[in-house]
Each structure stands twice: as structure tokens, then as C-alpha cells.
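Here's the structure, in C-alpha cells; my notes come after.
The values are calculated or read from the model by the stated rules, or taken from the named source; none is laboratory data. None of the values given here were measured: they were computed from a predicted structure. Glycine gets a Cβ as well: all are built from the backbone with ideal geometry, and neighbour counts include every protein chain shown. Accessible surface areas use protein heavy atoms only, side chains included; no ligands, DNA or RNA. Shrake-Rupley method; radii C 1.70, N 1.55, O 1.52, S 1.80 Å.
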Amino acid sequence: MDALIETLANYGWWIVGLVLLILEVVVPGAYLIFFGIAALIVGTNAFFVGAWFDWPQQVVAFIVVSAVCIYLGRRWYGREPLKDEGAPLNRRTGRLVGREARLTEAIVSGRGRVAIEDSWWSVSGPDLPEGARVRIVGADGAVLQVEPVE
């Protein structure tokens, strides 16, 4: 077993590093890039240092270099906050809040319709005539809540 470990010591870390980097691309958000980079660094060190760098020392070096990579990566990614893309995917109507539109059907008994770009939406709000300008103030599922624009 030791002979196999010594034979693969120089290339094993590179193989592990490349596999982890490929998995990072395939599995989004897994943060395997830090471990992949650490494995490549340990593999390069093992290749050049060779006999003075046994496999237990390589494992310890991998753990230490992984921790350093994670620390540096978190600092790097922490500099710029994530941008909010708006409402979550499952709440697309939330992106319409704040927009103004014109009623295509009068709101009668609290229900009407409005056209926004190429879509027709059901709305709820105070009774208003067809053609009135409204502002979207909320969303309840696929029904937009509106108020008159003054």
C-alpha cells in the first residue's frame, strides 16, 4: 500500500485537484474550488520536494492549505456583496410591484384586468373605470393588488 501511495504521491494530488475543480463546475455552489486549488498546491509541492514530503505530511499540508484557501476565498468573495436580482423565481409577480399600468378592464367589485407589456394580469383594488392609471402595490399569487395613481 505504501508503494502505491508513494507512486501516486506526485500525481495523485493533481488528479484529486482536477477532479475537484471539474466537480465545482458540474455541481454549482459546492465550493470545491478551494479544496481543488489546495490539492494542486500540495501536489506541486510534493512533486518538487519529493522524498522529504511523506504522505502524512501531505495530508496535514492539504488541511492547512485548504483552510488558508477557504479563508482567502471568503475574503475575496466577501468584498462585493451579491446583487439582488429582484423577486425570487417563484414570485415573479413581486417584480411588478411599484410599476404603473393602465386598466384594460374596469375594476368592479374589487376585480379587474391590466395589461403589462405582453401579459394580461388580474388585479384587485378599489373600483375604477377602464383606462385608469394604477400603481401595483402588492401581489397575492397571480393577482396584483393596485391603487389609483393620483
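Key figures
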read-out	value
Residue, farthest from GLN57 (Cα to Cα), within the stretch 24-33, restricted to residues that are open to solvent by 70 Å² or more (accessible area, probe 1.4 Å) and of a type outside the set (Val, Ile, Thr)	PRO28
Flag if ALA9 is modelled with pLDDT under 80, open to solvent by less than 100 Å² (accessible area, probe 1.4 Å), within 23 Å of the chain's Cα centre (by Cα) and aliphatic (A, V, I, L, M)	no
Every residue from the stretch 34-45 that is at pLDDT below 90 and buried (at least 17 other Cβ atoms within 10 Å of the Cβ)	GLY43, ASN45
Residue count, the stretch 104-150 (criterion: surrounded by fewer than 13 Cβ atoms within 10 Å (Cβ to Cβ), under 37 Å from the mean Cα position of the chain (by Cα) and not in a strand (DSSP E or B))	5
The stretch 125-148, residues that are of a type in the set (A, V, I, L, M), in contact with a Lys or Arg (Cβ under 9 Å, 6 or more places away or on another chain) and more than 19 Å from GLY94 (Cα to Cα)	ALA132
